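None of the figures in this text is laboratory data; all of them are computed from the coordinates on show. Every value quoted in this text rests on a predicted model; they were computed, and no experiment measured them. Positions of Cβ are generated from backbone atoms using ideal geometry, with glycine treated the same way; all protein chains shown enter the neighbour counts.
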Amino acid sequence: MPKIKNLLFDLGGVLLNIDYNKTAVAFKKLGVHQFDELYSQSGANDLFEALETGEISEDAFYAAIQQYCDPSTTTQQIEMAWNAILLDFRIESLNHLNILKEKYSIYLLSNTNSIHLKAFDKIFREETGKSGLDDIFIKAYYSHKIKRRKPYQSTYQYVLDDAGIKAEETLFIDDSIVNIDGAKEVGLHVYHLLSGTNIEDIQL
């Protein structure tokens, strides 16, 4: 097997603690009782996928979600419900990245959106005192910026091509089995990070 030279990390559930249920509960309180059918860890409907691939604006997203909510729901309430998924960073895991950087080239690939990016950047600054995740990785790939998302093969291939790295020399770490399966299809080595485990537990 070729030597692993590169590590490609997911964000939510790997470096950033998240809780899908908190956002689901928050939206149900706003009247979106079918939220679980619209968005989950394993998939997203067309609206959420459009947001995560940068195809629609934040305002368009809020307007679309408003149609599912109680009539009096404000944009601020929708934003707070959407951001409820974001908890805190795994500081020990972030520190471990500095050790890994000595041996590997490290990258980030996250299905996210402009609303969440602003929110978790704020959390990151508050918890670490550093300016942003871009300072840690050679490059951070966010789905709404690269206009494509996991688990599609083209997304992983885009990152490989842009970074100039080879799939057979790269290990992809993600907490979603759907994303892991997609990465396998382009020849990436994969590590499925299970609940309750951290990147420090990975034997490289």
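Evaluated at q = 0.09, 0.12 Å⁻¹, a Debye calculation over the C-alpha positions of the chain (equal weights, vacuum) places log10 I(q)/I(0) at -0.34, -0.61.
Among the listed pairs Lys118/Lys147; Lys103/Lys145; Lys5/Lys122; Lys139/Lys166, which have their C-alpha atoms separated by more than 19 angstrom in this model?
Values: Lys118/Lys147 17 Å; Lys103/Lys145 28 Å; Lys5/Lys122 31 Å; Lys139/Lys166 15 Å.
As for pairs spanning more than 19 Å Cα to Cα, those are Lys103/Lys145; Lys5/Lys122.
Of all DSSP beta bridges confined to the chain, the antiparallel ones make up roughly 20%.
Around the amide H of Val186, modelled in the peptide plane, lies no amide H under 5 Å away from a residue 5 or more places distant or on another chain.
Sparsely packed loop sites in region 121-204 (the GluC sites (Glu not before Pro) outside DSSP H, G, I, E and B with at most 14 other Cβ atoms within 10 Å) comprise Glu185.
Within the chain, which DSSP H helices have Cα atoms that stretch 20 Å or more along the helix axis and a mean Kyte-Doolittle hydropathy of at least -1.0? Mind showing how you got there, number by number?
Values: long enough: 114-128 (21 Å, -0.49).
Qualifying helices, which must be both long enough and hydrophobic enough, are 114-128.
Using R0 = 45 Å, the C-beta based FRET efficiency linking Ser195 and Asp161 works out to 0.90.
Relative to the Cα centre, what is the charge dipole magnitude of region 20-83, using +1 at the beta carbon of each Lys and Arg, -1 at the beta carbon of each Asp and Glu, and rounding to the nearest 20 debye? Don't skip to the answer; put the middle values down first.
Values: 3 positive and 10 negative charges, 75 e Å.
Taking the Cα centre of region 20-83 as origin, the dipole is about 360 debye.
The calculated 222 nm mean residue ellipticity attributable to helices in the chain amounts to -12000 deg cm²/dmol, summing -39500 (n - 2.57) over DSSP H runs of n ≥ 4 and dividing by all residues. Annotation: aspartates and glutamates with alpha-carbon distance below 20 angstrom to Lys184 (same-chain offsets under eight excluded): Asp10, Asp161, Asp162, Glu168, Glu169, Asp174, Asp175.
Projecting the Cα atoms of Ala50, Leu117, Ile106 onto the dipole axis of the chain, where Lys and Arg carry +1 and Asp and Glu carry -1 at the beta carbon, places Ile106 farthest toward the positive end.
Here region 66-82 is scanned for amide nitrogen atoms under 20 Å from the site 7 Å beyond the Cα of Arg125 along Cα-to-Cβ, giving 79-80.
In this Cβ point-charge picture (+1 for Lys and Arg, -1 for Asp and Glu), the chain has a dipole of about 360 debye about its Cα centre.
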